[in-house]
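Enquirer: Let me give you the structure first, and then I'll get to my questions.
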Amino acid sequence: MNDIQNMKYEEAISQLEELVARIEDPGRDLTGIADDVKKAMELVRWCKAYIRDGEAEMNKLIEDGKVQA
Amino acid sequence: MTDEQHISLLMLQEMIRDSLQESFYEQVWVRAEISELKSNRTGHCYLTLVEKDAGSDTVLAKASAIIWASTFRTLKPFFLSATGSELAVGMNVLVKVQVQYSELYGLSLIVYDIDPSFTVGEMELARQRTLERLKADGMFDMNSSLDLTLLPRRLAVVTSDTAAGYRDFMRQLHENEYGYSFVTELFPALMQGSDSPRSVIAALDRVASRIDEFDAVLIIRGGGGAMDLVCFDDYELAVNVAQFPLPVLTGIGHDHDFHVIDMVAHTSVKTPTALADFLIDAFAQEEYRADSLAQRLQLALKGKFNRELSLVDARVAALRRALDVRWVQELRRIELLEARVAAADPGRILSKGYSIVLRDGRRVDSAASLAAGDRVRIMFDDGAVEAEICKK
């Protein structure tokens, strides 16, 4: 996650899929879920920004602190 | 050498002419390839017809041909309507000719008719041969085995900026309703004619020199006649496309057109506009995917917290029930103890008029345990007295 700025889209969407599946798992308790949720929401924002307008949008998100670089 | 043993050139030519006219007094159908073609202001069309060795492309035979203006006026549109193309260099044709020999100009074939279905058939045969060759060389799956990025944004576009379909493609792509942005760069090439394959290959080479700057190469061209698009059946071009290190996407011609490079490309769609839609749809699909994941995340969280809250509520209720039961149990226990205490209270006995005898602070419950002279304490409901046993 620390390298989100350098991440390829395919990697990001794949990580997001994994995280969501983990959070959805009914056997998973709430311990540590907040971190997973935070990471997942960052990835959602990153992916959507990349789809919309590649670098420009992502750089803006990083500058605004909404996504950790 | 005597005079009788030589003849004049004119005589020789005339003899040749007469001999040919005798042998070819009727028109004949001839198949040949057009290696040169030009027409002038008079409307006459002058051709050079050749026959080549199939394996080596060596010219085996060659002849000049003429289509007089009066014939060309009807032949030209006839051929065009049947094949979708005008007569052009490189075409294999079947023409009906009259052999003509002129003392001055030599041999000429005067064209009176043409069979367009032969040309179309030859093109199809050539295409089939090319396809078989490509299949034997293992070219069919090479480019399609490359991974196309989920979001192909940086595009090298090989086409002519005047080509039909290029403007439509660019408009469709860059003015898409979703607002997705793409980066396109034109690599100009000829998109019809015999020089087209070489030109497209050169454009592909230019893209290859900057391969890291692009996600895919697009080869696009709008509709045209069969001969206009035959260049996309070229073997060398197909090999270049098959072996190209980036995915090659083609959008050539009309809905019904399908060419050899379409079959070796990574992805082929019917038209340039359809290719723009393909790219836009890729982005729309990923956006839908991201939105779906965000929604799943929300639902998962909501579900999880609701489940946990329900579990907590259930536990609290169970605890309450357990406490209630325990409370009742304890109450009952206390009540029982209270009853036992009450039952064991000596005050109850005294209040009924009985008395309790104590000696040395201990209850005496048998007369046999007392002797004369023992000092006892007798307890009554309203008090106690000291006494001595006088007699037993």
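Enquirer: How many residues, within segment B:273-319, are under 30 Å from B:G223 (Cβ atoms) and more than 8 Å from every other protein chain (Cβ to nearest Cβ)?
Expert: Qualifying residue count for the region: 12.
Enquirer: Suppose the filter is touching a residue at least 12 places away in the same chain (Cβ under 8 Å) and touching a strand residue (DSSP E or B) at 6+ places or on another chain (Cβ under 8 Å); does B:H254 pass it?
Expert: Criteria not met by B:H254.
Enquirer: Still on this structure, I have one more. Restricting to segment B:171-190, give me the number of residues that are in a helix (DSSP H, G or I), free of Cβ contacts under 8 Å to residues at least 24 places away in the same chain and either at positive phi or more than 14 Å from every other protein chain (Cβ to nearest Cβ) (or both).
Expert: Count: 1.
Enquirer: Among the residues in segment B:39-54, are any among the small types (G, A, S), under 15 Å from B:Y112 (Cα atoms) and in contact with a strand residue (DSSP E or B) (Cβ under 6 Å, 6 or more places away or on another chain)?
Expert: No, there is no match, as no residue in segment B:39-54 is among the small types (G, A, S), under 15 Å from B:Y112 (Cα atoms) and in contact with a strand residue (DSSP E or B) (Cβ under 6 Å, 6 or more places away or on another chain).
Enquirer: If I filter segment B:224-244 for residues that are within 30 Å of A:I13 (Cα to Cα) and assigned to a strand (DSSP E or B), do I get at least one hit?
Expert: Checked segment B:224-244: no residue is within 30 Å of A:I13 (Cα to Cα) and assigned to a strand (DSSP E or B).
Matching residues to (1) in contact with a Lys or Arg (Cβ under 9 Å, 6 or more places away or on another chain); (2) over 24 Å from B:M139 (Cα atoms); (3) among the hydrophobic types (A, V, I, L, M, F, W, C):
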| residue | (1), (2), (3) |
| --- | --- |
| B:F258 | yes, no, yes |
| B:V269 | no, no, yes |
| B:A276 | yes, yes, yes |
| B:F283 | yes, yes, yes |
| B:A294 | yes, yes, yes |
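Enquirer: What is the residue count in segment B:90-116 for residues that are more than 18 Å from B:T48 (Cβ to Cβ) and modelled with pLDDT under 90?
Expert: Here the count works out to 2.
Enquirer: Among the residues of segment B:101-110, is any under 38 Å from the mean Cα position of the chain (by Cα), over 21 Å from B:E36 (Cα atoms) and in contact (Cβ under 8 Å) with a residue 60 or more places away in the chain?
Expert: no
Enquirer: Filtering segment B:76-97 down to residues that are over 42 Å from the mean Cα position of the chain (by Cα) and either farther than 27 Å from B:D234 by Cβ or touching a residue at least 40 places away in the same chain (Cβ under 8 Å) (or both), which residue is surrounded by the most Cβ atoms within 10 Å (Cβ to Cβ)?
Expert: Among those that are over 42 Å from the mean Cα position of the chain (by Cα) and either farther than 27 Å from B:D234 by Cβ or touching a residue at least 40 places away in the same chain (Cβ under 8 Å) (or both), it is B:V95.
Enquirer: What residue, among those in segment B:191-225 that are more than 30 Å from B:L80 (Cα to Cα) and touching a helix residue (DSSP H, G or I) at 6+ places or on another chain (Cβ under 8 Å), is nearest to the other protein chains (Cβ to nearest Cβ)?
Expert: B:F214
Enquirer: Let me ask something else about it. Just name the residue that is nearest to the other protein chains (Cβ to nearest Cβ) out of those in segment B:155-170 that are of a type outside the set (A, V, I, L, M) and part of a helix (DSSP H, G or I).
Expert: Here the residue is B:F169.
Enquirer: Related question: Can you work out which of the residues in segment B:1-59 that are among the polar types (S, T, N, Q) and within 49 Å of the chain's Cα centre (by Cα) is nearest to B:Y101 (Cα to Cα)?
Expert: So the residue we want is B:T48.
Enquirer: Select from segment A:1-28 the residues that are loosely packed, with under 15 Cβ neighbours inside 10 Å, closer than 23 Å to B:Q285 by Cα and of a type in the set (S, T, N, Q) and write down the one among them that is nearest to the other protein chains (Cβ to nearest Cβ).
Expert: For segment A:1-28, the residue satisfying everything is A:S14.
Residue by residue, here is whether (1) among the basic types (K, R); (2) touching a helix residue (DSSP H, G or I) at 6+ places or on another chain (Cβ under 6 Å); (3) at pLDDT 90 or above; (4) loosely packed, with under 10 Cβ neighbours inside 10 Å holds:
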site: B:R296; (1), (2), (3), (4): yes, yes, yes, no
site: B:L301; (1), (2), (3), (4): no, no, no, no
site: B:L309; (1), (2), (3), (4): no, no, no, no
site: B:R326; (1), (2), (3), (4): yes, no, no, no
site: B:V357; (1), (2), (3), (4): no, no, yes, no
site: B:M379; (1), (2), (3), (4): no, no, yes, no
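Enquirer: Within segment B:136-154, which residues are in contact with a helix residue (DSSP H, G or I) (Cβ under 8 Å, 6 or more places away or on another chain) and within 13 Å of chain A (Cβ to nearest Cβ)?
Expert: B:T149, B:L150, B:L151, B:P152, B:R153, B:R154
Enquirer: Which of the numbered conditions does A:T31 fail, given that it passes all the others? Conditions: (1) within 8 Å of another protein chain (Cβ to nearest Cβ); (2) part of a loop (DSSP other than H, G, I, E, B).
Expert: Exception for A:T31: condition (1).
The values are calculated or read from the model by the stated rules, or taken from the named source; none is laboratory data. Not measured: the values here are computed from a predicted model. Here Cβ is always computed from backbone atoms with ideal geometry, including for glycine, and neighbour counts include all displayed protein chains.
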